[in-house]
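Right, one structure below, let's go through it.
Every read-out reported here was derived from the displayed coordinates using simple, explicitly stated rules and does not represent laboratory data. Keep in mind the model is a prediction, meaning the values are calculated, not measured. Note that each Cβ is placed from the backbone with ideal geometry, even for glycine, and that neighbours are counted across all protein chains shown.
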Amino acid sequence: MKKRILWSLHGHPLASHAGVSRTLHRGQQIYFWPRMKWDILNYIRRCSRCQACKPRRKLSCENIALGPYAPFDCWSIDLMGPKPQPKEGIPTY
């Protein structure tokens, strides 16, 4: 019985494979049973169509700044120039 209710809330073509919060809200308007939230959560996690079609949340690694872990692991240099040549003498840099 629960499987049919869960299918009607989530898997039915008119239910549009909604997420956990929308499916739970829709279910709480009509039904009640203990641990309803966990049953809906597990049903959606095991839904093969959702697993195949919905995008996964992926942690982005590009924003992680790796700092130096030991002295002299990271070097930097400042460049300036060209400096004006002195009228007399050896050019300085």
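So what's the chain giving for Cα Rg divided by 2.2 N^0.38 Å, two decimals?
Output field value: 2.51.
Return the single residue from 27, 67, 19 with maximal mean-square fluctuation; model: Gaussian network over the chain, springs between Cα atoms under 10 Å.
Its mean-square fluctuation being the largest, the pick is 67.
Which order do peptides 2-9, 49-56 fall in by mean Cβ count within 10 Å, highest first?
Sorting 2-9, 49-56 by mean packing, highest first, produces 2-9, 49-56.
Would you mind telling me which residue in 48, 76, 21 has the biggest mean-square fluctuation in a Gaussian network model of the chain, where springs connect alpha carbons within a distance under 10 angstrom?
Judging by the Gaussian network model, the answer is 76.
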